[in-house]
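Comments concern the structure below.
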Amino acid sequence: MKKILLLTFFVLTYSVLAMAQPKPLPPATSDVLGAPDDYTVRYEGGVFGASGKDTGTIRIDDANSRVKFVRKEDGKEMFTIPYDALMVVMPDSKSSVPQAGKVVSVLPVPGAGLANLLNKETKYANLTFIDPDVDIQGTVVFRFNSKGDLLKFVNKLGTLAKMAQRGDAYYRPKKPVF
């Protein structure tokens, strides 16, 4: 009887310990390199010297190890961010009620308050970087039209910039001090 109790105790103890082990992160998918280099986005701001919101193309320029934004209206390169300056690359989304829904919800009509239930989800890519020219940290924000394009862009950029992955985001680990 003592042997059975002792065996049961060891089985339960070791099964609990085995379950407590953290799972390793899955390796980056191999289809990242097959993703496109150009994405149509809307620049929302965040770069020193590049004010205003513009629609254009964000391009992953792997040959020169950088990301560049080109304006749609004149094809002019607005700014570039080198891979080495990137600290965090992460997807983000915000849910909000469109302006039309806000207007309809205040009309004195029965059921107009239901217009507040209309939600629009906007997808963003946030790139945190350290600008070596002025020695400041900034976060540039790009708005994407589809979640699929956003995730392809973040995965490809994070992989090519040799950043560590945490969930859907990529970051550059701090270097040890000693």
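The values are calculated or read from the model by the stated rules, or taken from the named source; none is laboratory data. On a predicted model such as this, the values are computed, not experimentally measured, just so you know. No Cβ is skipped: glycine too gets one built from the backbone with ideal geometry, and neighbour counts run over all protein chains shown.
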Mind listing just one residue for me: the one in the range 53-68 that is of a type in the set (Asp, Glu) and touching a strand residue (DSSP E or B) at 6+ places or on another chain (Cβ under 9 Å) and, of those, farthest from ASP37 (Cα to Cα)?
ASP54
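The rows are residues; the columns are (1) more than 23 Å from PHE69 (Cβ to Cβ); (2) surrounded by fewer than 17 Cβ atoms within 10 Å (Cβ to Cβ); (3) at pLDDT 90 or above; (4) in contact with a helix residue (DSSP H, G or I) (Cβ under 9 Å, 6 or more places away or on another chain).
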| residue | (1), (2), (3), (4) |
| --- | --- |
| VAL109 | yes, yes, no, no |
| ALA115 | yes, no, no, yes |
| LEU118 | yes, yes, no, yes |
| GLY158 | no, no, yes, yes |
| ARG172 | no, no, yes, yes |
Does ASP149 satisfy the condition of being touching a residue at least 60 places away in the same chain (Cβ under 8 Å), out of contact with any Leu (no Cβ under 8 Å at 6 or more places or on another chain) and not hydroxyl-bearing (Ser, Thr, Tyr)?
yes
Listed by first then second residue, the pairs whose first member lies in the range 112-124 and is of a type in the set (Lys, Arg), whose partner is assigned to a helix (DSSP H, G or I) and loosely packed, with under 13 Cβ neighbours inside 10 Å, with beta carbons under 8 Å and at least 6 positions apart or on separate chains, are LYS123/LYS147
Only one of VAL32, VAL47, VAL11 is surrounded by 10 or more Cβ atoms within 10 Å (Cβ to Cβ), β-branched (Val, Ile, Thr), at pLDDT 65 or above and touching a helix residue (DSSP H, G or I) at 6+ places or on another chain (Cβ under 9 Å); which?
VAL32
